[in-house]
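Input: a single structure, listed below in structure tokens.
Every read-out reported here was derived from the displayed coordinates using simple, explicitly stated rules and does not represent laboratory data. All values reported here derive from a predicted model rather than from experimental measurement. Here Cβ is always computed from backbone atoms with ideal geometry, including for glycine, and neighbour counts include all displayed protein chains.
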Amino acid sequence: MIKTDILIIGAGPTGLFTVFEAGLLKLKTHLIDALPQPGGQCSEIYPKKPIYDIPGFPEVLAGDLVDNLMEQIKPFSPGFTLGERAETIEKLEDGSFIVTTNKGTQHHAPVVAIAGGLGSFEPRKPPIPNIANYEDKGVSYIIRDPEVYRGKKVVIAGGGDSALDWSIFLADVASEVVLVHRRNEFRGALDSVEKVGELSKLGKIELMTEAQVTALHGNNELQGLTIKYNNGEEVLRETDHFIPLFGLSPKLGPIGDWGLEIEKNAIKVDNSYDYATNIPGIYAIGDVNTYPGKLKLILSGFHEAAIMCQSAYQRIYPDKKYVMKYTTVGGIQGFDGTVKEAKKEVIRSIN
Ligand SMILES: Cc1cc2nc3c(=O)[nH]c(=O)nc-3n(C[C@H](O)[C@H](O)[C@H](O)COP(=O)(O)OP(=O)(O)OC[C@H]3O[C@@H](n4cnc5c(N)ncnc54)[C@H](O)[C@@H]3O)c2cc1C
């Protein structure tokens, strides 16, 4: 049985940063993730995509952000159960929990932090009859390595951030980028919509709006597709790749059966205080939770992790007084005894 102070379900950016915040409070952590590697969506869906809204990083690749988080939490030596899905939870009489994975690994902790993001990754697929025949033979629903598309003809479909961001990025990588969207308006960030418009004027992205991809062609591999406009006109295009980016259909998975209050596939939490769920001792942070005004962004998960850890500390040590202060003297002392010199860093410490 693996024992820890805070059991974190999900090793995405939120779960990883929870290790750091807990470590500052001298709380031990262990992470479970169904994926074989840490990083959540950043590693699995878009490791090579730049992110522009992490405070202090004007631009950082998602994969590099995960590497940095792993480096940042190293002093706190978190445990990892990777490639296993948290399946069941049992509450013991003393209020602590046993979480068992699909492979039977058991974890015991007084506090459980669910940082499960979107749960299992299920891309939404367009209703094209023979699309399954071309999966990994020209059709992909996730861009893992943009270099695959260097010098190739690419058709992207979708109207959200993912379709816009990747069209912008691949405009400098692929030989041809066509963006197909069934409406005239895009749902993504205004800035990205404007950028796509500019690149379209420069001839670097070909926009085909009020249209949909309706058929795929090619013998063993994808060689072309049919694009049908809403007015009925059909166009045949040669292409090497078709990337429908219609988002991920959220599937909470087994966590959905744990007796937690669920709203629109997310766990309802108390955002007036500590991101606690309706079950005392279980918190939900990052993309997996919902509350009025929730923003599904990495920085929201970081903030929620910091607040949740303060509450978890009080739950684990109800008699200890925690006084938050800033210091430049202590440095970050890891559980392995190493002290990272604080120098000019300002960090928090326990009184
Ligand atoms: C294409 C794209 C671009 C984006 N760009 C940005 C951006 O520029 N800026 C920004 O701030 N945000 C961006 N986001 C959103 C950002 O990725 C998420 O807000 C962030 O990943 C949420 O982190 P998380 O740790 O809460 O969840 P996730 O990253 O989803 O990680 C959750 C982890 O929990 C695991 N898990 C779930 N259920 C279980 C279970 N039962 N057992 C074990 N493991 C489980 C999953 O396998 C996963 O690894 C983007 C998202 C996408 C898809």
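Based on DSSP H runs of at least 4 residues, each adding -39500 (n - 2.57), what is the mean residue ellipticity at 222 nm of the chain after dividing by all its residues, to the nearest 500 deg cm²/dmol?
The helix contribution divided over the chain gives -6000 deg cm²/dmol.
List residues of the range 130-157, by number, whose backbone nitrogen lies under 14 Å from a label position 7 Å along Cα→C-beta of Thr226.
Only 130-131 fall inside the zone, counting backbone N under 14 Å.
Below 21 Å, Cα to Cα, which lysines can Lys152 reach? Residues fewer than 8 away in the same chain don't count.
Within the straight-line limit of under 21 Å, Lys152 reaches these lysines: Lys48, Lys49, Lys137, Lys201, Lys204.
For a quick check: with amide H placed at 1.01 Å from N, whose amide H comes under 5 Å from Glu87's, ignoring anything fewer than 5 positions away on the same chain?
Close amide H contacts, sequence-distant or interchain: Thr100, Thr101, Asn102.
How about Lys125: which aspartates and glutamates have a C-alpha closer than 14 Å to its C-alpha, ignoring those fewer than 8 places off in the same chain?
Partners within reach: Glu135, Asp136.
Residue by residue through the range 192-208, which ³J(HN,Hα) values in whole Hz follow from phi under the Karplus form 6.51 cos²θ - 1.76 cosθ + 1.60 (θ = phi - 60°), with glycine and proline marked x?
5, 4, 5, 5, 4, x, 5, 5, 5, 5, 7, x, 8, 10, 9, 8, 10
Out of residues 5 or more away from Ile267 or on other chains, whose amide H comes under 5 Å of its own, with H placed 1.01 Å from N in the peptide plane?
Here the answer is Asn289, Thr290, since their amide H atoms fall under 5 Å of that of Ile267.
Excluding same-chain residues fewer than 8 positions from Lys320, which lysines have a Cα within less than 20 Å of its Cα?
Lys26, Lys28
Work out from phi, with θ = phi - 60° and the Karplus expression 6.51 cos²θ - 1.76 cosθ + 1.60, the ³J(HN,Hα) of each residue of the range 75-88, listed in order in whole Hz, and give x for Gly and Pro.
x, 9, 5, x, x, 10, 10, 9, x, 10, 9, 5, 10, 10
Applying a 10 Å radius around every beta-carbon, put 177-190, 91-104, 160-173, 277-290 in order of their mean neighbour count, most first.
Ranking, from highest mean packing down: 277-290, 160-173, 177-190, 91-104.
Give me the angle, in degrees from 0 to 90, between the Cα long axis of helix 13-24 and the longest principal axis of the Cα atoms of the chain, rounded to the nearest 10.
On a 0 to 90 degree scale, this one is about 20.
Measure nothing fancy, just the Cα-based angle from helix 161-170's long axis to the longest principal axis of the chain, in degrees from 0 to 90, nearest 10.
70
What are the residues whose amide H is under 5 Å from the amide H of Thr81, where those residues sit 5 or more places off or on another chain and H is modelled from the backbone?
Leu31, Ile32, Asp33
What ³J(HN,Hα) values, in whole Hz, does the Karplus curve 6.51 cos²θ - 1.76 cosθ + 1.60 give for the range 291-299 when θ = phi - 60°, with x put for Gly and Pro?
For the range 291-299, the Karplus curve yields 6, x, x, 4, 10, 7, 10, 4, 5 Hz.
Taking every DSSP beta bridge with both residues inside the chain, roughly what % is antiparallel (nearest 5)?
50
What number, in percent, do you get for the relative contact order of the chain if the mean sequence gap of Cα pairs under 8 Å and at least 6 apart is divided by its residue count?
19
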